[in-house]
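Note sheet for the following structure.
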Amino acid sequence: MLSIKGLNKHYQNFSVENVTFDIPDGTVVGLIGENGAGKSTVIKCILGAVHPDGGEILLDGKSINRLSKSEKQKISFVFDDMGLPGELNLDMLGKVLSNVFERWNNEKFMQLVQKFGLPEKKVIKEFSKGMKMKAAIAVSLSYDSHILILDEPTGGLDPVVRDEILELIYDYNRQEKHAALISSHITSDLEKICDYIVYLHGGKVLFNEEKDELLGMYGIYCVNDRQLDELDKTAVVRVLRREYGTDILAIKQKMPRDFEFKPANLDDIMLFYSKGESVC
């Protein structure tokens, strides 16, 4: 399990403050938030690319600052642009990486290359974006990692390739003691695969919830001012005033049964939390 506890990182005009969440074994955690919310900072801290000002990050109870080289390789990562060497083909890349990762499994890498339908002899710079992402995932799954961290893995890809990428992540996570953290703006993908959702806003965690419970909890209601005044204030999470009327994000179980509502997806919930007003 990977645990982030009270993570702080301060910049001149922005801070990540007291970020806390876990990535339990066997789960996929989705990290969502607007641009500039702090998602990339959190991921860079996990990977050791940025040194936090406070808090701790633990892998199976051990600080990542105290991990050996072999232990650090239990955390693998995939970014939108991994910068794989464009002049190499995948056959050559596998041989190069066998000298980089202690537990590199070249046989597994080539099996994944074939499974993903990637050309072994074509140089990487001639790959499409989807092919490059599949190649990056093949790399990340070929050195016995336990935690897979993905930053915008499906961004800019067509729906078919996106579903293939999600299936790869799902297969990875079915293996013992594996877990994944996905940061993405494509919340519909996260709704398909994630067990938990962590929402960052302004550098702080606004909620950390089980996904199915989160999506089942809220509804969107269109109300007038009189109805809003009469509602149980503990039911209303956020109020969003529009030209055509007032929408509220509310806890369905606390709302009158005769009120019509629309189910809230992750995009809706983010919109209400970022743009809406609190009534309490």
> Among the lysines, which fall within straight-line cross-link reach of Lys275, defined as a Cα-Cα distance under 18 Å, with same-chain neighbours fewer than 8 residues apart omitted?
Replying inline: Lys204
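Divide the volume of the convex hull of the Cα atoms of the chain by its number of residues and quote the answer in cubic angstrom per residue.
Values: hull volume 43.2 nm³, N = 280.
Spread over its residues, the Cα hull of the chain gives 154 Å³ apiece.
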> Between Val96 and Ser274, what FRET efficiency comes out of the Förster formula 1/(1 + (r/R0)^6) with R0 = 35 Å and r the beta carbon distance, rounded to 0.05?
Replying inline: 0.20
> Along the Cα-to-Cβ line of Val160, 7 Å from the Cα, sits a label point; which residues in the stretch 108-135 have backbone N less than 15 Å from it?
Replying inline: 116-118, 128-131
> So, in Å, what gap is there between the alpha-carbon centers of the stretch 141-193 and the stretch 1-63?
Replying inline: 18 Å
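Using the Cα centre of the chain as the reference point, and only Cβ charges (+1 on K/R, -1 on D/E), how large is the resulting charge dipole? Debye, rounded to the nearest 20. Walk me through the intermediate numbers first.
Details: 35 positive and 43 negative charges, 148 e Å.
Around 700 debye, computed over the chain.
Residue separation times 0.36 nm, minus the C-alpha to C-alpha distance between Asp225 and Ser3: what's the value?
Between Asp225 and Ser3, full extension yields 75.6 nm more.
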> Simple spin-label model, 7 Å along Cα-to-Cβ: Lys177 to Lys129 in nm?
Replying inline: 3.7 nm
>> So if each residue of separation counts as 0.36 nm, and I subtract the Cα-Cα distance between Lys262 and His185, what length gain in nm does that give?
In response: 25.5 nm
> Efficiency by 1/(1 + (r/R0)^6): what FRET value for Lys252 and His10, r their Cβ-Cβ distance, R0 = 51 Å, to the nearest 0.05?
Replying inline: 0.85
> Roughly what angle does helix 159-173 make with the longest principal axis of the chain, taking Cα atoms, 0 to 90 degrees, to the nearest 10?
Replying inline: 80 degrees
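Rule-based calculations on the coordinates, nothing more; no lab input. Since the model is a prediction, treat every value here as computed from it, not as a measurement. Positions of Cβ are generated from backbone atoms using ideal geometry, with glycine treated the same way; all protein chains shown enter the neighbour counts.
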